[in-house]
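This report refers to the structure that appears directly beneath it.
The values are calculated or read from the model by the stated rules, or taken from the named source; none is laboratory data. Keep in mind it's a predicted model, so treat the numbers as computed, not measured. For neighbour counting, all protein chains shown are included, and Cβ atoms are generated from backbone atoms with ideal geometry for every residue, glycine included.
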Amino acid sequence: MSKGTRHLGERTQMLLVAVVLIGATTAIAGAVAYLLFQRREVGLPGAVGVVLLGLVLGAVLTPLISAGTQRSSTALVKVITGAGNLTPAPSYSYQESLIARGKYAEAEQAFQEHLAREPDDLDARMALAALIRDHLRDVVRAERLFLEARARTPTPTQEFAIANALIDLYRRTGQSGREMAELARFADRYRGSDGGNRARDALRRLKQEAGDEGDRGWRYFGSRDIRAARAWAAEGGVAVHENIWKSRGRRTCHLLARGEPELLAAARAVGCEDRWIQRTRTVHFDLVEVYLERALVRCGVVASITSG
């Protein structure tokens, strides 16, 4: 709307207010003047003065009421359109229009360009992960994007959505070990809530279906049980040994196995990459965060990764 058109509308509105208001105050003043004149409380000049007073009162009130009405309507429009202090929900209309037309690769590119400009937009990162999961059918990349969003300090609402998305992704793809790890994390994070209780029940059912409280051959060892952990690994088991040292404030465990082929297989089972192997005196993997959670669940241990 142009400035001239807006001003014309405001003048028209004020004229309408003036006609109604001045007419109303003049009519009321005329009725009062007539009543006073009939009772002989005022003469003809006094009655005329009362009518004129109503006319003046209407003229004075007109700009005040018109301005107040304009401010109220402007405030209402800002609330409705989100132009005021309300933060509108994130919208990716261009990307969504591409998805609706089946142009999934173009939508992915648009999301990637947006994230290059705004890397901390976790809603966009999650929307891209959903696009890749549902339409491009690349669960590995989708999982990585969801985990990246989790690592960037999401809001409680975003954290809840990420957890549910990962549980759903692992359930769809039959990755029961990772699903159990996410359920364990969810149950611990939302302990005592309806969602947390449902996650714990689902985790219990999955373990019962697996026929064991943990994967056969996987066992957890405390920080003082390093000899027992090495012995278990040497006998062909997979040992998850608590590390007394933390990595950047995070709980860590060592993953041990009899030989390097067995160790690599165990590490891949919890999502680790081969290049993360630590070839020290005792070849091992360092497990943190989601990888540690998955390993603990395989050991039949449901615990927070923040404590031993």
All conditions in (1) under 15 Å from residue 262 (Cβ atoms); (2) modelled with pLDDT under 85 are true of residue 229 except (2)
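Could you pull out the residue among 203, 183, 122, 169 that is among the aliphatic types (A, V, I, L, M) and over 21 Å from residue 297 (Cα atoms)? Walk me through it before giving the result.
Numbers: 203 fails: over 21 Å from residue 297 (Cα atoms); 183 fails: over 21 Å from residue 297 (Cα atoms); 169 fails: over 21 Å from residue 297 (Cα atoms).
Of 203, 183, 122, 169, the one residue that is among the aliphatic types (A, V, I, L, M) and over 21 Å from residue 297 (Cα atoms) is 122.
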Counting just the residues of segment 254-290 that are hydrophobic (A, V, I, L, M, F, W, C) and in a loop (DSSP other than H, G, I, E, B), which one comes out farthest from residue 184 (Cα to Cα)?
283
Failed condition for residue 215, given (1) surrounded by 13 or more Cβ atoms within 10 Å (Cβ to Cβ); (2) at pLDDT 90 or above; (3) not aliphatic (A, V, I, L, M):
(2)
Taking segment 218-248 and keeping residues surrounded by fewer than 21 Cβ atoms within 10 Å (Cβ to Cβ) and part of a helix (DSSP H, G or I) leaves 226, 227, 228, 230, 231, 234
